[in-house]
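Okay, so here's the structure we're looking at.
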Amino acid sequence: MENTIQLHDKKFRIMIPAEQIDKAVDAVAQRINADYAGKETPLFLGILNGSFMFMSDLIKKIEFQNELSFVKLASYDGTCSTGCVKSLIGLNNPIEGRHVIIVEDIVDTGESIEHMIKELEARNPASVEVCTLFFKPGSYRKTLPIKYRAMEIGNEFIVGYGLDYDQLGRSLKDIYVVTE
Ligand SMILES: O=P(O)(O)OC[C@H]1O[C@H](OP(=O)(O)OP(=O)(O)O)[C@H](O)[C@@H]1O
Ligand code: HPA
């Protein structure tokens with residue numbers, strides 16, 4: 001594994017090796033296995049793009065019967081980031097009465113996840129919980145509870161394991177943090 005990498009104009013150094021990520025994914029999967037045992041076919045709903053790698057590893061550790069799908073929050077205007085109107089695309093399964101577990105790569109300010117939870121709750125699911133690989137407590141601005149957090153980190157910007165810097169770095173199996 002490389003200790004430092006360059007993506008576009010920024011340098012990154014290794015922060016969390018793949019083995020440590022795997023342990024954190026395992027621990028959160030075991031909590032979900034305990035909490036959802038015996039519930040009617042829960043639906044794991046991944047938020048694209050960032051969650052694809054986490055979902056792939058998480059779902060292999062889930063021991064109850066489940067369904068899996070992916071959705072995307074798309075900005076109407078490609079240039080807007082937080083605070084603008086986003087639409088939910090790709091939700092083809094009816095979720096009324098279903099137990100839904102949203103799978104995210106990272107909850108940072110909480111803008112995206114708040115929007116996603118509101119969109120889903122309007123469709124009357126039996127329950128909605130969030131499972132995120134990373135949570136930034138110092139950056140989170142919302143009050144909605146994030147039940148399953150595999151790892152908590154500071155306010156630094158990270159890439160790898162699905163997370164990108166301007167679309168680069170998603171395929172890295174370890175997590176890297178930006179250096180000044
Ligand atoms: O808590 P927030 O401040 O809203 O940030 C978290 C969101 O930002 C990233 O998505 P992004 O919109 O960059 O899309 P991507 O998954 O395609 O990278 C990430 O995957 C989360 O969905
Ligand atoms: O730290 C981060 N890295 C990559 N994407 C992100 N989206 C929100 N926070 C981050």
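The values are calculated or read from the model by the stated rules, or taken from the named source; none is laboratory data. All figures in this text were calculated on a predicted structure; none of them were measured in a lab. Positions of Cβ are generated from backbone atoms using ideal geometry, with glycine treated the same way; all protein chains shown enter the neighbour counts. The area values use the complete protein model at the heavy-atom level, side chains included, leaving out ligands, DNA and RNA. Shrake-Rupley method; radii C 1.70, N 1.55, O 1.52, S 1.80 Å.
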Report task. Go through the residues of the stretch 121-131 one by one and say whether even a single one is within 12 Å of ligand 1 (Cβ to nearest atom), buried (at least 20 other Cβ atoms within 10 Å of the Cβ) and under 25 Å from residue 56 (Cβ atoms). Result -> yes
Query raised in the report: If you go through the stretch 89-106, how many residues are more than 13 Å from ligand 1 (Cβ to nearest atom) and open to solvent by 10 Å² or more (accessible area, probe 1.4 Å)?
Result: 8
Query raised in the report: If the Cβ limit is 9 Å and pairs must be 6+ apart or interchain, which residue in the stretch 109-138 that is on the phi > 0 side of the Ramachandran plot and within 16 Å of ligand 2 (Cβ to nearest atom) pairs with which residue that is among the small types (Gly, Ala, Ser) and not in a strand (DSSP E or B)?
Result: 110/139
**Report entry** Residue that is away from ligand 1 (no atom under 13 Å from the Cβ) and either of a type in the set (Ser, Thr, Tyr) or out of contact with any strand residue (DSSP E or B) (no Cβ under 8 Å at 6 or more places or on another chain) (or both), where the choices are 109, 179
**Finding:** 179
Report task. Scan the stretch 159-174 for residues that are over 14 Å from the mean Cα position of the chain (by Cα) and either within 11 Å of ligand 1 (Cβ to nearest atom) or aliphatic (A, V, I, L, M) (or both) and jot them down. Result -> 165, 166, 167, 168, 169, 172
Requested in this report: Return yes or no: is residue 93 closer than 22 Å to residue 35 by Cβ and at pLDDT below 95?
Outcome: yes
